[in-house]
Amino acid sequence: MTVLLIEDEQAAARRLTRLLLDIDPTLQIGPALGSVAAAVMHLQTQPHPDLILSDIQLSDGLSFAVFRQVEPRCPIIFTTAYDEYAIQAFKLNSLDYLLKPIVATELQAALAKFRKLTQSQSPSVDYQQLWQALNQSQRTYRQRFLISYRDTYRTIPASEVAYFYSENKITRLVCPDGKWYPLTETLEELAEQLNPNQFFRANRQYIINLTSIVTIHKHFNGRLKVDLQPPIPDDLFVSRERADEFRNWLNQ
């Protein structure tokens with residue numbers, strides 16, 4: 001079986017080659033390609049291998065650019081240090097992946113999996129979706145809010161906000177002690193700025209911090225009733241349509 005390595009770090013390429021040959025000494029492994037340009041040139045001019053192991057971040061860009069220019073005719077194992085957003089995208093696209101630093105047993109399992117695949121069974125991959133997932137994994141979220149209070153300014157870390165709510169077209173930032181401050185942003189704008197692992201858009205009026213949740217009650221017709229701290233004047237319900245998403249968010 002022929003294997004092509006796309007890896008710009010020579011030490012990592014040597015280690016990966018050694019691990020592969022320890023698993024199967026009959027593998028034919030050529031020199032590693034360290035850039036998008038080199039990989040494109042190779043795949044355009046040389047026979048395609050049986051398997052590609054590709055790092056994501058190369059010296060001149062992301063390796064997805066290679067496979068947008070040259071359609072791969074073999075399975076690909078991505079090696080990556082990216083977080084769960086990208087990993088979820090790999091799963092959705094039926095790709096395998098190895099988190100760095102690569103563990104020999106995981107590499108062996110990945111090779112065993114790909115030996116079972118024929119060329120006609122290679123997954124159809126949406127590299128644009130993977131690109132978007134990587135951008136999301138590298139995305140930075142709102143860290144703090146500058147608040148005007150009387151004749152002074154103060155900053156409030158986003159992590160210390162209990163929840164945001166909108167009433168009469170005014171968006172309020174509420175602190176754990178119950179104090180609130182008006183914001184110029186809408187809830188829609190805040191939902192794009194806040195870390196989705198920490199904040200959830202419960203309904204049209206509220207974005208809540210995970211740390212502000214006190215109790216969750218099962219309610220009539222599949223809805224969920226959520227108690228917050230500090231308490232809110234009216235009951236907060238998560239609709240039946242969003243209840244599964246809310247439970248998944250709590251359980252991630």
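Each value in this text was obtained by applying a stated rule to the coordinates, not by laboratory testing. Here the structure is a predicted model, which is why all the values come from computation and not from measurement. Positions of Cβ are backbone-derived with ideal geometry, glycine not excepted, and every protein chain shown enters the neighbour counts.
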Net charge near L19 (other residues with Cβ under 13 Å of its Cβ; Lys, Arg +1; Asp, Glu -1) is 0
For the range 173-190, in order, what is each residue's ³J(HN,Hα) by Karplus, 6.51 cos²θ - 1.76 cosθ + 1.60 with θ = phi - 60°, in whole Hz (x at glycine and Pro)? 9, 10, 8, x, 7, x, 5, 9, 9, x, 10, 8, 6, 7, 4, 4, 5, 5
Nonlocal amide H pairs with R144, under 5 Å, H built at 1.01 Å: A158
For the range 165-171, Karplus-derived ³J(HN,Hα) couplings (6.51, -1.76, 1.60; θ = phi - 60°; whole Hz; x for glycine and proline) come out as 9, 10, 8, 6, 6, 10, 8
Taking a spot 7 Å from the Cα of T184 along the direction of its beta carbon, which residues of the range 145-173 have an amide N less than 13 Å from it? 146-148
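For R142 and E9 in one chain, what is 0.36 nm times their gap in residues minus the Cα-Cα distance, to one decimal in nm?
Numbers: separation 133, 0.36 × 133 = 47.88 nm, distance 3.33 nm.
That works out to 44.6 nm of additional length.
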Radius 13 Å from Cβ of N209, net charge of other residues (Lys, Arg +1; Asp, Glu -1): +1
Spelling it out for L228: with amide H atoms placed in the peptide plane at 1.01 Å from N, the residues 5 or more places away or on another chain with amide H under 5 Å from its amide H are V214
Apply the Karplus curve 6.51 cos²θ - 1.76 cosθ + 1.60, θ = phi - 60°, to the phi angles in the range 237-252 and return the couplings in whole Hz, x for Gly and Pro. 10, 9, 5, 4, 5, 9, 5, 5, 4, 5, 5, 5, 4, 5, 9, 6
